Amino acid sequence: MWVLFAFGSALFAGITAILAKLGIEKTDSYLVTALRTVIVVLFAWIMVLVAGSFDSITAISGKTFLFLVLSGLATGGSWICYFKALQLGDVNKVVSIDKSSTILTMLFAFLFLKEGLSGIKVLAMVLIGSGTYLMLERKRKNPVSTVTNPEKSRTWLIYALLSAVFASLTAILGKVGITGVESNLGTAIRTLVVLIMAWLMVFGLHRQKEIKKIERRSWIFILLSGLTTGLSWLCYYRALQDGPAGVVVPIDKLSILVTVFFAYFVLKEKLKKKAVLGLIFIVVGTLALLI
């Protein structure tokens, strides 16, 4: 049964990127991140109540609480950069870089946690890295067109890379300092930090006034993306409860297949032959981690 939940997590995570892209098209990405995080926070705390772990909040040590906050800040940084990248770049390319956070996590774990790098891990890193590079193939410039957008052509890549770095830091911080806390409660506290961080950015940049300008269509996609994120988390942690993390996590990363599928039919983002080969490399590298 846990296998179904693991694939359910990948399905909802893959759909989230598409819904978020549709919701961000005409709306400020920072405001979108803050609004959808409200939905995710509600889901996270509902999970806490269902698991009955709320009473254990007083037993969290000061060190663990500090690392929960730090990992929450890293998660917030990852989300903010991720949705900004989605607003500026193609979904397929942004998601492929986001999945490359697996490489950074293994490298950080090797450098800071002294975790070994087996031959399989190295092979997976090479495949995922090569696949990501192939999926980032630049479009040929149209010599007739004189209209360019430097922001969209370069800035999205910076935000996508920062998203992957922050995502990796989230995993490392969680591994280092978060102990003795129930997973649902830890996730809820971390997400609450993300919510506060996101809204501080919104008010700091004076974007709150733009809420009135959000179209009904964008509202629907923003709310749905928050809902699918919550459902993805429910499935993910339910799978982890009964299944081995070494299998559940790689399956969850296969959400890129769902994203590419919907990007093709919904956003009309087509993959060239090199990009398809890159996608295959990423999937094979991810599956190699199951060994």
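Each reported figure results from applying straightforward, stated rules to the coordinates on display, with no laboratory input. Computed from a predicted model, the values in this text were never measured in an experiment. Don't worry about glycine lacking a Cβ; one is built from the backbone with ideal geometry, like all the others, and counts go over all protein chains shown.
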Tell me the Rg and the Dmax, in Å, that the Cα atoms of the chain produce.
18.8, 66
Starting from the 7 Å offset along Cα-to-Cβ, what nm value, one decimal, do you get for the label separation of Ile280 and Met1?
3.8
For the chain, the dipole about the Cα centre with charges only on Cβ (Lys and Arg +1, Asp and Glu -1), to the nearest 20 debye, works out at 1140
By per-residue mean of other Cβ atoms within 10 Å, what is the highest-first order of 175-184, 249-258?
249-258, 175-184
Over the Cα atoms of segment 186-271, compute the convex hull volume and normalise it per residue, giving Å³.
142
Can you list the lysines whose alpha carbon is less than 16 Å from that of Lys268, not counting same-chain residues fewer than 8 positions off?
Lys21, Lys93, Lys139
Simple Cβ-charge dipole of segment 220-291, Lys/Arg +1 and Asp/Glu -1, about Cα centre, in debye nearest 20
420
Divide by every residue of the chain the summed helix terms, -39500 (n - 2.57) for each DSSP H run of at least 4, and state the resulting mean residue ellipticity at 222 nm, rounded to the nearest 500 deg cm²/dmol.
-25500 deg cm²/dmol
Isotropic mean projected area of the C-alpha convex hull, segment 1-110 (nm²):
9.0
Prolate/oblate/rounded label for segment 194-238 (Cα gyration tensor, a/c 1.5):
oblate
How large is ³J(HN,Hα) for each residue in segment 205-212, as worked out from phi by the Karplus curve 6.51 cos²θ - 1.76 cosθ + 1.60 (θ = phi - 60°), to whole Hz, x for Gly and Pro?
9, 6, 9, 4, 5, 7, 4, 5
Label-point separation, Leu66 to Ala51 (7 Å along Cα→Cβ), nm
2.4
Which of the helices in the chain meet the span-like rule: DSSP H, Cα axial reach of 20 Å or more, Kyte-Doolittle mean at least -1.0?
2-24, 29-51, 62-88, 119-135, 156-177, 183-204, 216-242, 273-288
Selection of trypsin sites (Lys or Arg not before Pro), segment 1-84, meeting DSSP coil and at most 14 other Cβ within 10 Å
Lys26
Expected output is a single nm value to one decimal: the length gained when fully extending between Leu42 and Ser118, i.e. 0.36 nm times separation in residues minus the C-alpha distance. What is it?
23.4 nm
Residue among Leu104, Leu185, Leu267 with the largest mean-square fluctuation in a Gaussian network model of the chain, springs linking Cα atoms under 10 Å:
Leu267
